[in-house]
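Have a look at the structure below before the remarks.
The values are calculated or read from the model by the stated rules, or taken from the named source; none is laboratory data. These numbers come from a predicted model, not from an experiment. All Cβ positions, even for glycine, are placed from backbone atoms using ideal geometry, and neighbour counts span all protein chains on display. Calculation scope for accessible area: heavy atoms of the full protein, side chains included, ligands and nucleic acids excluded. Shrake-Rupley method; radii C 1.70, N 1.55, O 1.52, S 1.80 Å.
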Amino acid sequence: MTDRASHYLTLENLASKSVGIADLFKTEPKRLERFVMREGPLRADFSKQAISENALDALLAFAARCDLEEWRAKLFAGEKVNTSEDRAVLHMALRGVGGSKTHQKQVKDMRKTLAKFADKIRSEGKFKNIVHIGIGGSDLGPRLVADAFEASAEQSLTLRFAENVDGASVNDATAGLKPKDTLAIVVSKSFGTQETKMNGEAVCAWLGKFASTNMIAVTANRAGAEDFGIAADKIFDFWDWVGGRYSVWSAVGLSLQIAYGPKVFDAFLKGAAKMDTHFRDQPLQENLPVMMALTGIWNRNVLGFTSQAIIPYARRIRKFSAFLQQLEMESNGKRITRGGKDAGLTCPIIWGDEGTNGQHAFFQWLHQGTPGAPVDFIAVLKDHEARPTHHAALLANCFAQSEALMLGKPEYKVREEMEERADMDAIAPQKTFPGNRPSTTITLDELSPFALGHLIALYEHKVFVQGVIWDVNSFDQWGVQLGKVLASTILDEMETGEAGDHDPSTSALMGLVK
Ligand code: F6P
């Protein structure tokens with residue numbers, strides 16, 4: 001048995017001894033003090049997790065035994081913690097925290113260049129629209145953030161996104177726009193991504209005679225962008241020490257800077273920096289990302305949950321679960337440790353949608369389905385929509401759901417409420433709720449760019465902590481390669497009509513496309 005597995009077993013003993021969540025509030029008078037944490041505009045309430053104070057102590061000791069503090073120091077020092085790709089991981093440096101003087105200078109210079117360019121586009125008034133072309137980390141972050149900025153900032157240029165290789169994506173992104181006043185930004189760290197190159201070519205053709213002036217690129221592969229046909233002075237760089245799913249803070253966020261202004265973007269960076277210094281400096285027991293990561297480890301490795309739901313009760317961050325799917329599942333969806341061994345259970349499935357919509361769809365499963373899932377509820381306290389009655393109802397629903405998940409409803413209560421009826425024995429059990437289902441509630445004072453930066457950075461660091469505990473490299477993504485290679489072969493064969501060497505099912509599917 002590995003050291004880590006034996007630790008999980010010790011933790012499991014604690015789990016079997018632990019009582020229900022609601023009872024923990026009675027036996028642990030200081031529970032709120034211990035399990036509620038605040039940093040800046042963000043408050044996270046972990047008290048509705050099925051973890052006793054003793055279990056939390058054991059988890060913290062376990063994290064220390066996994067050398068979490070040492071790994072954290074290596075991360076911020078800019079050591080090459082992405083071992084399989086031999087790279088440092090320094091998205092925090094984009095926010096002004098960590099890395100060497102050289103990193104900090106590169107970032108400072110680039111921030112100046114980007115702000116100058118964004119201000120120029122905004123003041124000239126030549127462009128009315130931006131089409132942002134990119135996929136995965138070159139799309140999900142900017143898309144999430146653009147929606148969220150709408151709560152408190154004004155979009156000065158129309159911002160559209162083209163990501164998928166489905167032609168509908170690029171058609172919708174350009175529909176109704178004029179090439180003359182549209183700026184196309186091709187965003188790709190590698191500049192080798194099929195979808196982005198095809199959409200870039202399609203938009204280039206759509207721009208026609210304006211392509212040479214109206215198309216720019218953001219990349220860590222300048223040569224690739226130049227080969228594609230973008231002039232050297234229209235290329236904005238970022239670096240191999242910025243992972244794609246951690247890149248919204250870099251030049252990848254250029255379209256946001258143009259659409260909302262560099263000041264708004266700076267506030268977003270500052271919010272993340274505040275979470276960076278919190279994560280870097282706070283002891284493990286008072287550390288928000290550590291607490292979030294450990295509750296996730298408990299739910300996954302001790303209680304055996306297979307998924308984690310993310311439910312923002314805030315429409316403007318409804319894409320947060322999609323963003324986190326890449327951040328968490330591409331980072332920690334691994335089965336092999338850094339040392340090449342079996343890693344055991346790692347990242348759960350991340351899923352979710354906005355509340356209250358989900359209540360009328362999948363919440364049935366959350367409350368009564370098997371096995372259920374831990375939920376992160378995210379709410380914004382300020383009403384940004386000048387609709388106070390709507391906002392009160394939104395918050396009430398959010399708070400009610402976590403209470404309902406925890407308390408449930410026992411059968412005797414259901415029977416008390418039901419009128420005497422012949423089929424009582426069959427119906428009453430169906431109306432009961434098991435309860436004791438864990439959740440965390442995160443509240444933001446407001447959905448400002450600063451608070452948003454804070455929130456995203458919290459999850460980024462949570463992913464890092466979990467990667468350390470699961471002993472996986474959170475910063476590579478070899479698992480996306482095989483499908484990409486096969487897709488390229490299949491596309492070639494479909495174009496040439498060659499049969500290729502495939503299994504009967506795949507051959508039959510290819511035969512459908514004539
Ligand atoms: O295929 C996965 C992936 O490599 C992600 O990691 C990345 O965010 C996305 O594709 C897009 O990559 P790029 O920015 O290099 O086009």
**Report entry** Accessible area per residue in Å² at 1.4 Å probe, computed on the stretch 365-514
**Finding:** 51 Å²
Query raised in the report: Using 7 Å Cα-to-Cβ label points, what is the residue 282/residue 488 separation (nm, one decimal)?
Result: 4.4 nm
**Report entry** Backbone HN-Hα couplings from phi across the stretch 152-165 [Karplus 6.51/-1.76/1.60, Hz, Gly and Pro as x]
**Finding:** 9, 10, 9, 7, 8, 10, 5, 10, 10, 10, 10, 10, 6, 7
Query raised in the report: Roughly to the nearest percent, how much of the accessible area of the stretch 1-71 is carbon and sulfur, given a 1.4 Å probe?
Result: 52 percent
Report summary line: Under 5 Å from the placed amide H of residue 380, counting only residues 5+ away or on other chains, we find 444
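Taking the Cβ of residue 293 as the center, what net charge do the other residues with Cβ under 12 Å away carry, scoring Lys and Arg +1 and Asp and Glu -1? List each step's numbers first, then the result.
Working: positive: 72, 300, 462; negative: 328, 460.
Computed value for this residue: +1.
Anything over 25 Å Cα to Cα? Flag those among 116/180; 108/270; 80/462; 234/270; 105/484, in the order listed.
In this structure, 234/270; 105/484 lie more than 25 Å apart at Cα.
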Query raised in the report: Carbon and sulfur together cover what percent of the accessible area of the stretch 339-400 at a 1.4 Å probe radius?
Result: 59 percent
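Work through the residues other than residue 31 whose Cβ is under 11 Å from its Cβ and net out their charges, Lys, Arg +1 and Asp, Glu -1.
Summing Lys/Arg as +1 and Asp/Glu as -1 gives -1.
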Query - Accessible-area value, residue 38, 1.4 Å probe, nucleic acids and ligands omitted, Å² - result: 130 Å²
Query - In Å², nearest 10: area of residue 158 left accessible to a 1.4 Å probe - result: 60 Å²
Report task. Could you run the Karplus curve 6.51 cos²θ - 1.76 cosθ + 1.60 with θ = phi - 60° over the stretch 236-242 and give me ³J(HN,Hα) per residue in whole Hz, x for Gly and Pro? Result -> 10, 9, 9, 10, 5, 8, 10
Report summary line: Residues whose built amide H sits under 5 Å from the amide H of residue 78, excluding neighbours closer than 5 in sequence, are 99
Query raised in the report: In nm, to one decimal, how far is the residue 419 label point from the residue 180 one, both placed 7 Å along Cα→Cβ?
Result: 7.2 nm
Report task. With a/c under 1.5 counting as rounded, go ahead and sort the chain into rounded, prolate or oblate using the C-alpha gyration tensor (a ≥ b ≥ c being the square roots of the eigenvalues; past the cut-off, prolate if a/b is larger than b/c, else oblate). Result -> prolate
Query - Sparse-neighbour loop sites [trypsin sites (Lys or Arg not before Pro); the stretch 352-424; at most 13 other C-beta within 10 Å; DSSP] - result: 421
Query raised in the report: Which value, in debye to the nearest 20, gives the size of the charge dipole of the chain about its Cα centre, when Lys and Arg are +1 and Asp and Glu are -1 at the Cβ?
Result: 1460 debye
**Report entry** Estimated FRET transfer efficiency when R0 is 51 angstrom, pair residue 104-residue 341 (beta carbons, to 0.05)
**Finding:** 0.90
Query raised in the report: Where both residues lie in the chain, what percent of DSSP beta bridges are antiparallel, nearest 5?
Result: 25 percent
Report summary line: Checking the stretch 194-298 for chymotrypsin sites (Phe, Trp or Tyr not before Pro) in a loop per DSSP with at most 14 other beta-carbon atoms within 10 Å yields none
Query raised in the report: Accessible area, 1.4 Å probe, largest first: how do 86, 276 sort?
Result: 86, 276
Report summary line: With label points set 7 Å from each Cα along the Cα-to-Cβ direction at residue 213 and residue 233, the distance between them in nm comes to 1.4 nm
Report summary line: Once amide hydrogens are built 1.01 Å from N within the peptide plane, the residues lying 5 or more places from residue 440 or on another chain with amide H under 5 Å from its amide H are 375, 376, 377
Query - Whole-number accessible area per residue in Å² for the stretch 91-266, which is evaluated in the context of all protein chains at 1.4 Å - result: 40 Å²
Query raised in the report: Length gain on complete extension for the stretch residue 389 to residue 306, per 0.36 nm per residue less the alpha carbon to alpha carbon distance?
Result: 26.2 nm
Report task. List the lysines whose Cα lies under 22 Å from the Cα of residue 30, skipping any in the same chain that are fewer than 8 positions away. Result -> 17, 48
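Determine the gain in length on full extension of the stretch residue 27-residue 509; use 0.36 nm per residue of separation and subtract their C-alpha separation, reporting nm with one decimal. Intermediate results must be reported in sequence, preceding the final value.
Numbers: separation 482, 0.36 × 482 = 173.52 nm, distance 6.01 nm.
In short, 167.5 nm is gained.
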Query raised in the report: How much accessible surface does residue 385 have with a 1.4 Å probe, in Å² rounded to 10?
Result: 90 Å²
Requested in this report: Could you run the Karplus curve 6.51 cos²θ - 1.76 cosθ + 1.60 with θ = phi - 60° over the stretch 502-508 and give me ³J(HN,Hα) per residue in whole Hz, x for Gly and Pro?
Outcome: 10, 5, x, 5, 5, 4, 5
Query raised in the report: Between residue 19 and residue 495, what is the FRET efficiency for a Förster distance of 56 Å, r being their Cβ-Cβ separation, to the nearest 0.05?
Result: 0.35
Requested in this report: With 10 Å bins from zero, work out the P(r) of the stretch 91-266 over every alpha carbon pair and list the percent per bin.
Outcome: 10, 42, 38, 9, 1
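Sort 245, 160, 387 from largest to smallest accessible area, using a 1.4 Å probe on the heavy atoms of the protein chains. Before the final figure, lay out the partial values.
On the way: 245 10, 160 65, 387 135 Å².
Ranked from most to least accessible, the order is 387, 160, 245.
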